Amino acid sequence: MKSISLKTCSVLFLFVLAAKSMFSQTTNLSSRDTNAVRVVQLSGVLKSFDSVPLPYATVLISGTKYGVTSNLYGYFTIPVKENDLVIFSFVGFRPGGFRVPKNNANNKLSITEYLQIDTQYLNEVIVNPWPSTAEFNYVFVHKILPDDDLERALKNLDPVVLQSIADNMTRDGNENATAFFAQLQDQNSRLGGQPYNPFFMMGPNGQIIPAVNITKLYNYLEYLKRIKAKEKKK
């Protein structure tokens, strides 16, 4: 009877230990599920108070190194945890923040965050062109100031300057041809008062000669006729 009672007690003791272990595991799992932090996909648009999108703004989770930047239209999206503090910053604007609420109906959250312009007034700064007042006064009195637009225009319209520019200006093709034919006409008119004829010109000794060598032209035409005749025979 004693052996049976000992066996019975041992079995009951082991059963109690197993039940306690199972109960503790179940309790831990339930408490872990209760305290688990949910991840939420936070999306939104950053704008100024004038409803102007803020491109390439910084979106940072406070206390961490994780963050993103908004796109050209101020849109951003970032995975966050419930109760996280998200900081928004943009150059020239005051930083903004958003606390992720708990117990969201779903794992997505959309917001529109408006940032306020941060106006900062700087102290007055006086910039002097010279290190000291005495040096500035000396330069101001003795410096030769450049000509203004009116003075430069008057110098460019000076008759002496214009005549010098005209004398040194080269002729174009039309002007050269006109001057050449005028010279020929003047030379021909001096030789017996004959009018200008483009088919004749003045020779080296003052005589009038044909401008085109008729003999050479005739020989060249005959040469072309002979070549054509040979080609026809072939």
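When the stretch 97-109 is filtered for residues that are touching a residue at least 60 places away in the same chain (Cβ under 8 Å) and outside any loop (DSSP other than H, G, I, E, B), the ones remaining, listed by number, are LYS108, LEU109.
Under the condition of being surrounded by 10 or more Cβ atoms within 10 Å (Cβ to Cβ), at pLDDT below 85 and over 28 Å from ALA57 (Cβ atoms), the residues counted in the stretch 104-135 number 1. Taking each residue of the stretch 120-146 that is assigned to a loop (DSSP other than H, G, I, E, B) and looking for partners that are of a type in the set (A, V, I, L, M) with beta-carbon atoms closer than 8 Å, six or more apart or interchain, yields TRP130/VAL139.
Considering only the stretch 9-17, I want to know if a residue exists there that is more than 15 Å from ILE111 (Cβ to Cβ) and modelled with pLDDT of 90 or more. Scanning the stretch 9-17, I find no residue that is more than 15 Å from ILE111 (Cβ to Cβ) and modelled with pLDDT of 90 or more, so the answer is no.
One residue stands out in the stretch 35-74 among those that are among the small types (Gly, Ala, Ser) and in a strand (DSSP E or B): the one that is nearest to THR112 (Cα to Cα), namely GLY44. Within the stretch 157-181, if we keep just the residues that are β-branched (Val, Ile, Thr) and assigned to a helix (DSSP H, G or I), the residue that is modelled with the highest pLDDT turns out to be VAL160. Any chance the stretch 84-96 includes a residue that's in contact with a helix residue (DSSP H, G or I) (Cβ under 7 Å, 6 or more places away or on another chain) and either surrounded by 11 or more Cβ atoms within 10 Å (Cβ to Cβ) or part of a loop (DSSP other than H, G, I, E, B) (or both)? Among the residues of the stretch 84-96, not one is in contact with a helix residue (DSSP H, G or I) (Cβ under 7 Å, 6 or more places away or on another chain) and either surrounded by 11 or more Cβ atoms within 10 Å (Cβ to Cβ) or part of a loop (DSSP other than H, G, I, E, B) (or both), which makes the answer no.
The values are calculated or read from the model by the stated rules, or taken from the named source; none is laboratory data. Predicted model only: the values in this text are computed from it and were never measured. Backbone-built Cβ (ideal geometry, glycine too); neighbour counts: all protein chains shown.
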